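Down below is the structure, laid out as structure tokens.
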């Protein structure tokens, strides 16, 4: 405890965070380990239950096939046909009867074609009526088939797959049912695709498993036999619980078995242990990785948090030591240091100290700063001695020199330029009459006419009735400038620009219209929203709109209409009633 007391605040904070993180991760890992252990035991039981379900389903399908075979041998037409063949087995009569028997076999077997590869019906003379796949049986297997059928005395007997025929055979003797003499009149044999049957009902549920069916010591499925390791595991398997872990060919296998109460066969299910628990192992590994990453992140965050908490204090202590030693030159560096924006006690202390240092620094340098301000003011006053009147006088002199030299174009341009300068520099009035604004436009057009010559066609159609309407100064001239810049300049052929007025709903619309390339609707919206910046340093449309609304209200302002290839129309909406009040 004494050692902990002497630790720095950063070390104490880091130690507390690490203890909390360790406790949380330990509890979480213990809970997950218990949950996975419980899941493992339940998975063992579920795997056995799945095999039990698969074997029961396969038995049900075999029972259906047995029931179908009983239906076949008790079929009235088949019974009559077999009895007729005992009485008359001539070539023609035998052909007709066997044709009829084949049709009846097809009628019965058509509903079970997925698993029944072929059906054979042998009469008393051992001549076959058959439907489905044709197979050639060896003499030995044929003799065993007849022996099993006769030994069954009408009951079902099974002939297991071998290398010659991979199909499971169901055989039973056909006996007379009407009258109930039970005299043997033939034999029925069904060839069943046991591979398809097992894969349908056992393979889908366990895609990585190996299913083995055994009847005593003989393997039914797969017909080519189980591997040596599997055979040894099945012989040594004594599984009172129905499942166990066995090693097959050096690999851990989860083995479950179930004995069929219907056929007496034993169902074995071999599943690689790693395949069963692959997801669980991956999840466990992922959780361990997450825990490790969490610890590393917690260490980093804890260290960063402790450091962020103590860094302002250490910085403040260093600054105080500098001031204590009389090193006032360090105050400038302290003021330029990064500012901590935290508003806790440490942050407020840091902020107060910085303000105190800033005040002291201001008092020390006040005289020097005032001297600099005075010198800068004197320099600006010297620069301001060249006033606008000098510029006006110079332009007036140029005008009279041009007059004297009979340079009317230069004289006209200088007069218009001087007028525009007086209008833009003058701050006496922000709102002027429409006539005064149009005069500014005329002088501006005079200058542009000399620049563009015949390419610029300008028309102004504003009756004197509206001359006294109030309008903010420099409203129309920027619109005409835009029409020239965006309408005339991109074109090769002449472009017409027109100014006219229209009355609408108690307002006066002063319209500046050009025949330029126009704009898309989306581009107009971006221009009015301020997203598109103007070229150069001109007055933008948004500025004009804001000035109009500021002067006259929200009911007035600016409207832009444009069609690509057909030009642009900008309308200035003004209050017409102001003419009378003026």
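Key figures for this structure:
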read-out	value
Some residue of the range 477-496 being in contact (Cβ under 8 Å) with a residue 60 or more places away in the chain, surrounded by 14 or more Cβ atoms within 10 Å (Cβ to Cβ) and not in a helix (DSSP H, G or I)	no
Which numbered condition residue 277 fails, given (1) modelled with pLDDT of 75 or more; (2) out of contact with any strand residue (DSSP E or B) (no Cβ under 8 Å at 6 or more places or on another chain); (3) surrounded by 13 or more Cβ atoms within 10 Å (Cβ to Cβ)	(1)
Count of residues meeting criterion [touching a helix residue (DSSP H, G or I) at 6+ places or on another chain (Cβ under 6 Å) and in a strand (DSSP E or B)] in the range 124-139	2
Sole residue being assigned to a helix (DSSP H, G or I) and within 26 Å of residue 179 (Cβ to Cβ), chosen from 47, 110, 69	69
Hey, residue 67 under 60 Å from the mean Cα position of the chain (by Cα) and free of Cβ contacts under 8 Å to residues at least 40 places away in the same chain or not	yes
Tally of residues being free of Cβ contacts under 8 Å to residues at least 60 places away in the same chain and surrounded by 14 or more Cβ atoms within 10 Å (Cβ to Cβ) across the range 423-435	3
Condition check for residue 456: under 30 Å from residue 548 (Cα atoms), loosely packed, with under 14 Cβ neighbours inside 10 Å and either at pLDDT below 70 or in the same structural domain as residue 546 (by TED's automatic domain parsing) (or both)	no
Condition check for residue 97: within 29 Å of residue 286 (Cβ to Cβ) and either assigned to a loop (DSSP other than H, G, I, E, B) or modelled with pLDDT of 80 or more (or both)	no
Residues satisfying the stated conditions in the range 79-108, i.e. buried (at least 19 other Cβ atoms within 10 Å of the Cβ) and touching a strand residue (DSSP E or B) at 6+ places or on another chain (Cβ under 7 Å)	82, 85, 98, 101, 105
Restricting the range 179-198 to residues that are at pLDDT 85 or above and part of a loop (DSSP other than H, G, I, E, B), the residue that is farthest from the chain's Cα centre (by Cα)	183
Number of positions in the range 141-178 that are without any contact (Cβ under 8 Å) to a residue 12 or more places away in the chain and either assigned to a loop (DSSP other than H, G, I, E, B) or closer than 24 Å to residue 111 by Cβ (or both)	0
Lone qualifier among 33, 48, 39 - being at pLDDT below 80 and in contact with a strand residue (DSSP E or B) (Cβ under 7 Å, 6 or more places away or on another chain)	48
Among (1) in contact with a helix residue (DSSP H, G or I) (Cβ under 7 Å, 6 or more places away or on another chain); (2) closer than 18 Å to residue 573 by Cα; (3) not in a loop (DSSP other than H, G, I, E, B) - the single one residue 452 does not satisfy	(2)
Index of the failed condition, residue 176 passing every other in (1) at pLDDT 85 or above; (2) out of contact with any strand residue (DSSP E or B) (no Cβ under 9 Å at 6 or more places or on another chain)	(2)
Residues of the range 531-561 satisfying the condition of being modelled with pLDDT under 80 and either in a strand (DSSP E or B) or farther than 26 Å from residue 432 by Cβ (or both)	531, 532, 533, 535
Where residue 137 falls short, out of the listed (1) without any contact (Cβ under 8 Å) to a residue 40 or more places away in the chain; (2) touching a strand residue (DSSP E or B) at 6+ places or on another chain (Cβ under 7 Å)	(2)
Residue in the range 149-160 that is farthest from the chain's Cα centre (by Cα), counting only those that are surrounded by 15 or more Cβ atoms within 10 Å (Cβ to Cβ) and farther than 20 Å from residue 71 by Cα	159
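Residue by residue, here is whether (1) under 30 Å from residue 261 (Cα atoms); (2) over 55 Å from the mean Cα position of the chain (by Cα); (3) without any contact (Cβ under 8 Å) to a residue 24 or more places away in the chain; (4) not assigned by TED's automatic domain parsing to the domain that holds residue 171 holds:
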{"position": "59", "(1), (2), (3), (4)": "yes, no, no, no"}
{"position": "72", "(1), (2), (3), (4)": "yes, yes, no, no"}
{"position": "78", "(1), (2), (3), (4)": "no, yes, no, no"}
{"position": "86", "(1), (2), (3), (4)": "no, yes, no, no"}
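The values are calculated or read from the model by the stated rules, or taken from the named source; none is laboratory data. From a predicted model like this one, the values you see are computed outputs, not experimental measurements. Cβ sites come from the backbone with ideal geometry, for glycine too, and all protein chains shown count toward neighbours.
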